[in-house]
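Written out below as structure tokens is the structure these notes cover.
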Amino acid sequence: MFTGIIEDLGTITRIEKRSGLLHLQVKSKIFLSEKVGNSISVNGVCLTITAIKTDAAGFDIMAETVKKSILDYLKLTDKVNLERALKVGDRIGGHFVTGHVDGTGRIVEKRKVSGDYYVRVEIPGENMKFIVQKGSIALDGISLTIAKAEATTFTVHLIPHTIKTTTLGFKDVGNRINLEFDLLGKYVLNSREKVGISSPINEGFLRKKGFVRS
């Protein structure tokens, strides 16, 4: 479990495909205190450290994970967002992020507005049901708030610190990005679908179910 607060930008130092797995080696100062078997979020994907040497860690990635994410697009010297797993008692500065990405989106607009940055991301229309204005989303593992939702796109606003310390600083229009929709929202939607609730939860719905009385 993670919170979407990025700790460091790591550097890809090795990429290999062997025995049906994608092997990545990433260099970062955070690995100085880690060990084999620990979980790390790499661009929002929960990966297990399979090898470690000083400040570099190795990860073996299954085909299904490669298919769901943008990890296969990485090249040597590319930067990746890194976050260590949440410890019991830690502050939760973002929101609950599992590292199990739901798919990818594509940046269709990025511009600076009054000191902040405006980024619009396009996703498949069927996934818009997971997008809630003012709700949470993880982009490349970064916990962000959805500012606006449209037919097949949503918008987030970024402060300069996020631009400086994460992959969103150098990603541009046309680049793909890992997506993880809000865990609590997915559970709520799944529960509603299982019991056949298709109408929105509004005052009328609550009155019909007896939660609101005149």
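Values quoted throughout were computed directly from the atomic coordinates according to the rules given, and no laboratory measurement underlies them. Predicted, not measured: the structure shown is a model, and the values here were computed from it. Using ideal geometry, Cβ is built from the backbone for each residue, glycine included, and neighbour counts are taken over all protein chains shown.
Worth a mention:
- Calculated on the alpha-carbon coordinates, the convex hull of the chain measures out at 159 cubic angstrom per residue.
- With a cut-off of 12 Å between beta carbons, the residues surrounding Ser39 carry a summed charge of +1, where Lys and Arg count +1 and Asp and Glu -1.
- Violating pairs (Cα-Cα greater than 27 angstrom) within the set Lys129/Lys164; Lys27/Lys129; Lys27/Lys87; Lys17/Lys79; Lys27/Lys67; Lys110/Lys134: Lys129/Lys164; Lys27/Lys129
- Prolate/oblate/rounded label for the range 86-182 (Cα gyration tensor, a/c 1.5): oblate
- Between 0 and 90°, nearest 10: helix 183-194 axis offset from the chain longest Cα axis: 50 degrees
- Packing-based order for 117-123, 47-53, 169-175, using average beta carbon neighbours within 10 Å, highest first: 117-123, 47-53, 169-175
- In the range 16-97, the ratio of gyration radius to Kirkwood radius, Rg to Rh, stands at 0.96 when only Cα atoms are counted.
- Fewest-first sequence of Met62, Met128 by Cβ atoms within 10 Å of each Cβ: Met62, Met128
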